[in-house]
Structures are given as structure tokens and as C-alpha cells.
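Here, each number is a calculation from the coordinates, and none is a lab measurement. In this text, all values refer to a predicted model and were calculated from it rather than measured experimentally. Glycine gets a Cβ as well: all are built from the backbone with ideal geometry, and neighbour counts include every protein chain shown.
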Amino acid sequence: MIDLAVETTPEFDPELRDLVADAAPRLFAVVREPDNGEDAAITAWGMAFTDGVEVIGVDNPVRLSMSTPERACDLLADDDSTTWLIWSDDTGQPQPEPGAV
């Protein structure tokens with residue numbers, strides 16, 4: 001792994017960490033569960049930002065820029081499966097939207 005550490009002064013380090021934590025996008029997966037009983041699989045991974053989402057396919061060469069994660073799920077859905085939006089940080093508790101204060 002490449003070490004890209006940037007030196008900061010001790011008084012700024014907590015502020016920078018808070019800045020990154022507050023601005024970090026939420027990670028989600030688009031999961032397809034085939035209607036024929038086969039195992040569900042992750043179709044794509046996405047990052048939700050305050051102004052839209054970026055989605056990258058797992059086994060297909062798709063890259064999408066969308067307004068919402070739900071819209072990405074709609075576009076990646078098909079008639080032979082159920083498509084799920086799963087947040088990677090889903091603990092069953094409500095999560096703030098990216099960039100929310």
C-alpha cells in the first residue's frame with residue numbers, strides 16, 4: 001500500500017478528520033435477487049454524495065452518474081429478479097444524508 005500521509009499540525013488534525021467524516025459519501029450496493037431461487041449477488045457499488053450518486057458495475061462495464069440511489073436501482077433492475085438498495089453502513093438505524101450537519 002502506498003503511504004500518502006499528509007503532515008498536519010496537531011491542532012488541525014481533528015478538524016480535518018471531522019471535515020472528511022462530514023463530507024464522506026455513503027457507500028451502497030445494488031443487489032439482485034433472482035426470482036428463480038438462485039443466490040442474490042451484488043450488481044453494482046455506488047457512492048452517494050450530497051448532489052448525486054456514482055455507480056460502478058461489478059461484473060458489467062457500467063458506470064452511471066445519477067440523481068439518487070433509487071434511480072440507479074431502477075435502471076439496473078430487470079424483470080427476472082428483485083433489486084435491492086443496501087447501504088453498507090446500515091445498522092437498522094436512520095442515517096444522515098451525506099454532508100448533512
Problem set entry | Top-ranked residue in region 20-76 [being in contact (Cβ under 8 Å) with a residue 40 or more places away in the chain, hydrophobic (A, V, I, L, M, F, W, C) and surrounded by fewer than 17 Cβ atoms within 10 Å (Cβ to Cβ); ranked as nearest to residue 86 (Cα to Cα)] | 27
Seminar exercise, completed: Taking region 39-75 and keeping residues of a type in the set (Gly, Ala, Ser) and part of a loop (DSSP other than H, G, I, E, B) leaves 40, 67
